[in-house]
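Peer 1: Once you've had a glance at the structure underneath, I'll fire off some questions.
The values are calculated or read from the model by the stated rules, or taken from the named source; none is laboratory data. This structure is a prediction, so every number in the text was calculated from the model and none was measured. With ideal geometry, Cβ positions are generated from the backbone for all residues, glycine too; neighbour counts draw on all protein chains shown. Just so you know, the surface numbers come from the protein's heavy atoms only, side chains and all, with ligands and any DNA or RNA stripped out. Shrake-Rupley method; radii C 1.70, N 1.55, O 1.52, S 1.80 Å.
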Amino acid sequence: MVVYNFNQGIGWASSGVEYAQSYRGKIFRKLGVDARFIFTDMIRGDNIQELTRNLQFEDREVIWMYQFFTDFPIAPCSLTEEQVAASFPEGPWKINDIGGGRKQYVHEEQKLFITVYFSKMYPDKVSRVEYVAGGCLLRTDHYTTGLLFSEFFAPKDGEGKPYERRFYNQNGTIAFEEFISHEGDDYEKNRNLLYRFPKRTFYSKEEFVEFFVCCLQIRPDDLIIADRTTLVGQAIFKYHGRTKMGVVVHADHFSEPMTDEDNILWNNYYEYPFNHTADLSFFITSTKRQKEVMEEQFQKYYHIKPRIAAIPVGSLDELKRPEKPRRAYSVLTVSRLAGEKHVDWLCRAVIQAKEKVPKLQFDIYGRGVEEENLRKIIQEHHAEEYIHLMGHRDMADIYQNYCAYIAASTSEGFGLSLMEAVGSGLPMVGFDVPYGNQTFIRPNENGYLLDFESGENLDSKELVEELRDAIVKLFTEADLPSFSEVSYQVAEEYLTANVEAKMKRLLEEL
């Protein structure tokens, strides 16, 4: 049996879905289950091998839909600058090291600029090369163990837009081509795409995905787990045949304000599979509470009882106890720095709490689009000495150095960082929202669940004050050692051996 796990994209600042897959991969390896992790998005900034290796996937486990149709294996970048530069037009060239892992070759007479980008993970190897002439981007070549694909550009609206991507085999022959139309807004919806193979043509990405799913030759005794079903979902449902298939629910699955006694509004990401449960053998939720809610809703609105397994999307190899005293008055948060995580609220809450807890220190781990906004808040309030942006780190041995974990997300299907925090015995502060905080925070035993009512008109000022008061209470009233021990008790359920047993049970049932 092979377990095929379907996803869309992956990046350096990946979401909880990719981290959940990474944890699942570790469990499958320990159980001796052969697994493949499939990515269907166009990935053009980095070699997918680097992105997946960064999350500890093994190269043999990874299938990238675009690379699948070439004979290139998933492998690290291996070409040197000298090997790639041998294909450049004849010089003379002026070579400049322009920083950021880049070198630029300048042909002043022809006004040609060639920028060589080096791999982030293998900095002496070339990842891609951009050709610019007359101020216009003409072509980008992407390398792994050879030239994997080229993108060709034409000027539109003052910038270079790709009109063709050409994927190669290792001997340089063309495996297939993707042609791109930028008319209207359909490009962003993956509609104005055409794929040309030597003996066939596909006129949309949907058709391309269907062809890909068929080419995987998934057998009846294999298993399909869909982590994301947007675009690819219909193809899997259409061609899974007798292969058993399940969907992982990673987030809150319905809209409470739009649900009444007679109708329920599913989350857009889950509407299609929820309305095609007859094709599914199982669902996986990450918490018991979400499993219970889904079971009640399917019975009430659809009068059915699908198999739903509550299996955490992460696990802890061990409980981490500090070898030295925790940093006094220190709190941290770990997340993508995105708007829905509301890390700006945490900054403002800490700034206010500092007045009553003068020694308070707050470290923020993660990267994302909100980083600059957070930096401005810190600077405006002269908080540089006690609020720090720590960037992306390996957190394995970091949590246990702190006294507490704080979160302001208003939607957290599970919360891997919450699990890791209780695994290091951290008291917690967060809003009373489904399902992560409710899973890991025992009110007044290992932290505080704060009142929260969803809606369009959130009073951020009031929510910041709630967070502030909880932080102050944590350091002025709470028995932190007692709170810490309760967090360790909560974490016991998420030890890897216990999560492995849950997954093994589901596989045996199927």
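Peer 1: Percent of accessible area on segment 442-510 owned by carbon and sulfur, 1.4 Å probe?
Peer 2: Result for segment 442-510: 41 percent of the exposed heavy-atom area is carbon or sulfur.
Peer 1: Tell me, what is the FRET efficiency for residue 256 and residue 80 to the nearest 0.05, using R0 = 60 angstrom and their Cβ-Cβ distance as r?
Peer 2: 0.60
Peer 1: What accessible area per residue comes out for the chain, rounded to a whole number of Å², with a 1.4 Å probe?
Peer 2: For the chain, the per-residue accessible area is 47 Å².
Peer 1: Go through 342, 303 and list them by solvent-accessible area, largest first, probe radius 1.4 Å.
Peer 2: Output order, biggest surface exposure first: 303, 342.
Peer 1: Another question, if that's okay. Cross-link list 205/288; 238/341; 300/502; 356/376; 103/205: which exceed 31 angstrom alpha carbon to alpha carbon?
Peer 2: Flagged as over cut-off: 205/288; 238/341; 103/205.
Peer 1: If you take the beta carbon distance between residue 171 and residue 214 as r and set R0 to 22 Å, what does 1/(1 + (r/R0)^6) give as a FRET efficiency, to the nearest 0.05?
Peer 2: That gives a FRET efficiency of 0.30.
Peer 1: So, one more: Rank these by accessible area, largest first, 1.4 Å probe: 245, 42.
Peer 2: 42, 245
Peer 1: For the chain, count all C-alpha to C-alpha pairs, find those more than 41 Å apart, and express that count as a whole percent of the total.
Peer 2: Distances greater than 41 Å cover 29 percent of the Cα pairs.
Peer 1: Kirkwood Rh, Cα Rg: Rg to Rh for segment 447-505? Mind dumping the intermediate values first?
Peer 2: On the way: Rg = 17.1 Å, Rh = 14.5 Å.
Reported Rg/Rh (Cα atoms, Kirkwood Rh): 1.18.
Peer 1: For the full complex of protein chains and a 1.4 angstrom probe, list 150, 15 by accessible area with the highest value first.
Peer 2: Accessible-area ranking of 150, 15, largest first: 15, 150.
Peer 1: Continuing with the same structure: If each residue of separation counts as 0.36 nm, what is the full-extension length gain between residue 102 and residue 379 once their alpha-carbon separation is subtracted?
Peer 2: In short, 96.6 nm is gained.
Peer 1: In segment 276-334, which GluC sites (Glu not before Pro) fall in coil by DSSP and have 13 or fewer other Cβ atoms within 10 Å?
Peer 2: Working: sites: 292, 295, 296, 318, 323; in loops: 318, 323.
Those satisfying the criteria are 318, 323.
Peer 1: Provide the three semi-axes, in whole Å and in decreasing order, of the ellipsoid equivalent to segment 183-278 as defined by the square roots of 5 times the Cα gyration tensor eigenvalues.
Peer 2: So the equivalent ellipsoid measures 28, 21, 9 Å along its semi-axes.
Peer 1: Highest mean first, what order results for 422-429, 459-466 on Cβ atoms within 10 Å?
Peer 2: Numbers: 422-429: 27.4, 459-466: 14.9.
Final packing ranking: 422-429, 459-466.
Peer 1: Let me ask something else about it. Given the DSSP H assignment, sum -39500 (n - 2.57) over each helix run of at least 4 residues in the chain and divide by its residue total; what's the result at 222 nm in deg cm²/dmol, nearest 500? If you can, show how the numbers build up before the last one.
Peer 2: Numbers: 15 runs with 145 residues, N = 510.
Theoretical 222 nm ellipticity from helices: -8000 deg cm²/dmol.
Peer 1: Report the relative contact order of the chain, percent, no decimals, based on alpha-carbon pairs under 8 angstrom and at least 6 residues apart.
Peer 2: Once normalised by length, the contact order is 11 percent.
Peer 1: Next question. Rounded to whole Å and sorted largest first, what semi-axes of the equivalent ellipsoid does the C-alpha gyration tensor of segment 402-496 yield via the square root of 5 times each eigenvalue? Provide the component values of the computation, followed by the final result.
Peer 2: Working: eigenvalues 96, 54, 16 Å².
Value: 22, 16, 9 Å, ordered largest first.
Peer 1: Still on this structure, please answer the following. Would you mind telling me the share, in percent, of accessible area of segment 243-303 contributed by carbon and sulfur at probe 1.4 angstrom?
Peer 2: 46
Peer 1: Can you give me the solvent accessible area of residue 156 with a 1.4 Å probe, rounded to the nearest 10 Å²?
Peer 2: 70
Peer 1: I'd like the accessible area for residue 230, computed on protein heavy atoms only with a 1.4 Å probe and all protein chains in place. Round to 10 Å², please.
Peer 2: 60
Peer 1: Out of all DSSP beta bridges in the chain, what portion is antiparallel? Express it as a percent rounded to 5.
Peer 2: 50
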